[in-house]
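Chemist: Sharing a structure here in structure tokens format.
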Amino acid sequence: MIPPRFEYHAPKTVGEAVALLGQLGSDAKLLAGGHSLLPMMKLRFAQPEHLIDINRIPELKGIREEGGTVVIGAMTVENDLITSPILQAKVPLLCEAAKLIADPQVRNRGTIGGDIAHGDPGNDHPALSIVIDASFVLEGPNGRRTVAADGFFLGTYMTLLEENEVMCEIRVPAFAAGTGYAYEKLKRKTGDWATAGCAVVIRKTGDQVSHVRIALTNVAPTALRAEAAEAALLGKPFTAANVQAAAEAAIAICDPAEDLRGDVEYKTAMAGEMVKRALNKAWSRCA
């Protein structure tokens with residue numbers, strides 16, 4: 001199908017984009033990678049009168065270090081995450097997980113900020129952002145503000161990003177020495193969203209878990225931080241029994257939607273399996 005008519009705008013700065021959002025209001029939509037918005041427009045599920053293309057704003061792209069923080073421009077594409085020497089050294093989970101997102105064509109165009117801002121429970125970066133303790137820099141008419149990833153996702157297509165704001169940066173603390181990490185994602189085929197997914201970041205002191213973050217993909221209306229699952233492990237030895245307890249705690253918070261990827265029972269069970277796989281892989285990587 002062909003999308004309805006719209007006016008096209010290509011600002012060169014974030015300030016220009018914010019001004020356009022303020023001027024055009026709810027009739028305007030930001031265009032990043034376009035993989036979510038354009039199909040919805042073709043199906044007439046979305047009919048914005050104005051598209052604001054932010055691909056020509058240089059300050060929204062690139063990866064750099066600021067002290068112990070890695071700063072990722074919101075318009076950085078997935079393939080740039082995979083090949084970034086900075087991320088490979090400081091936050092390797094993002095490099096590894098990006099390889100599981102869609103396919104090479106999509107990764108050449110799809111952006112990390114678009115994935116996050118869209119608020120789709122099937123997207124991978126929400127759960128990843130939560131476990132790496134990321135924060136997001138948002139710019140609106142009143143200037144910039146920074147919000148934590150944990151708490152940013154409110155529901156399906158619902159986030160703390162306001163209608164008149166642009167996501168500018170994703171800020172991530174560099175992994176401490178000895179950090180283990182994993183992203184386990186069950187999907188039907190290359191390019192598909194997760195049937196269920198789990199992201200884990202973990203550290204140890206001796207044989208005990210000293211730090212752990214667990215988040216789930218596509219088993220609820222939004223990405224979930226599994227805090228009860230974390231509590232089942234934190235300060236305890238990493239044993240099969242404790243891993244099972246964590247998986248059961250994660251299962252308890254799942255609320256997936258039934259679709260072609262499986263029914264509620266199957267998706268919930270697979271969430272538990274992804275938790276166990278991710279925990280075991282992440283623990284094996286702890287120094």
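The values are calculated or read from the model by the stated rules, or taken from the named source; none is laboratory data. All of these numbers come straight from a predicted model, not from anything done at the bench. Cβ placement follows ideal geometry from the backbone for every residue including glycine, while neighbour counts extend to all protein chains displayed. Heads up: the accessible areas ignore ligands, DNA and RNA and are worked out on the full protein's heavy atoms, side chains in. Shrake-Rupley method; radii C 1.70, N 1.55, O 1.52, S 1.80 Å.
Chemist: Which condition does residue 116 not pass, out of (1) over 27 Å from residue 194 (Cβ atoms); (2) within 15 Å of the chain's Cα centre (by Cα); (3) among the hydrophobic types (A, V, I, L, M, F, W, C), if it passes all the others?
Modeler: (1)
Chemist: Would you list the strands (runs of 3 or more DSSP E) that sit entirely within region 4-59 and hold 2 or more residues that are modelled with pLDDT under 90 and in contact with an Asp or Glu (Cβ under 8 Å, 6 or more places away or on another chain)?
Modeler: Numbers: elements: 7-9, 28-31, 50-53.
Filter on region 4-59 gives 28-31, 50-53.
Chemist: Sticking with this one: Spot the failing condition for residue 145; the list is (1) in a strand (DSSP E or B); (2) touching a residue at least 12 places away in the same chain (Cβ under 8 Å); (3) not hydroxyl-bearing (Ser, Thr, Tyr), and only one is missed.
Modeler: The number of the failed condition is (2).
Chemist: I want to confirm something. Restricting to region 242-260 and keeping residues that are farther than 14 Å from residue 198 by Cβ and under 20 Å from the mean Cα position of the chain (by Cα), which single residue is least open to solvent (accessible area, probe 1.4 Å)?
Modeler: So the residue we want is 257.
Chemist: Sticking with this one: Among the residues of region 117-128, are any free of Cβ contacts under 8 Å to residues at least 40 places away in the same chain, closer than 19 Å to residue 36 by Cα and open to solvent by 60 Å² or more (accessible area, probe 1.4 Å)?
Modeler: There is no residue in region 117-128 that is free of Cβ contacts under 8 Å to residues at least 40 places away in the same chain, closer than 19 Å to residue 36 by Cα and open to solvent by 60 Å² or more (accessible area, probe 1.4 Å).
Chemist: Count, please, the residues in region 192-219 that happen to be under 16 Å from the mean Cα position of the chain (by Cα), of a type outside the set (Lys, Arg) and either at positive phi or not in a loop (DSSP other than H, G, I, E, B) (or both).
Modeler: Counting residues in region 192-219 that are under 16 Å from the mean Cα position of the chain (by Cα), of a type outside the set (Lys, Arg) and either at positive phi or not in a loop (DSSP other than H, G, I, E, B) (or both) gives 11.
Chemist: Same structure again: Are any residues in region 12-31 open to solvent by 50 Å² or more (accessible area, probe 1.4 Å) and β-branched (Val, Ile, Thr), and if so, which ones?
Modeler: 13
Chemist: Just checking, does region 75-82 include any residue being assigned to a helix (DSSP H, G or I) and of a type in the set (D, E, K, R)?
Modeler: To start, the set of residues in region 75-82 that are assigned to a helix (DSSP H, G or I) comprises 78-82.
When the remaining residues are screened for being of a type in the set (D, E, K, R), the result is 78, 80.
Yes: one or more hits.
Chemist: Another question, if that's okay. Taking the conditions exactly as written (open to solvent by 30 Å² or more (accessible area, probe 1.4 Å), aliphatic (A, V, I, L, M), over 27 Å from residue 31 (Cβ atoms) and outside any strand (DSSP E or B)), does residue 177 satisfy them or not?
Modeler: It is true that residue 177 is open to solvent by 30 Å² or more (accessible area, probe 1.4 Å), aliphatic (A, V, I, L, M), over 27 Å from residue 31 (Cβ atoms) and outside any strand (DSSP E or B).
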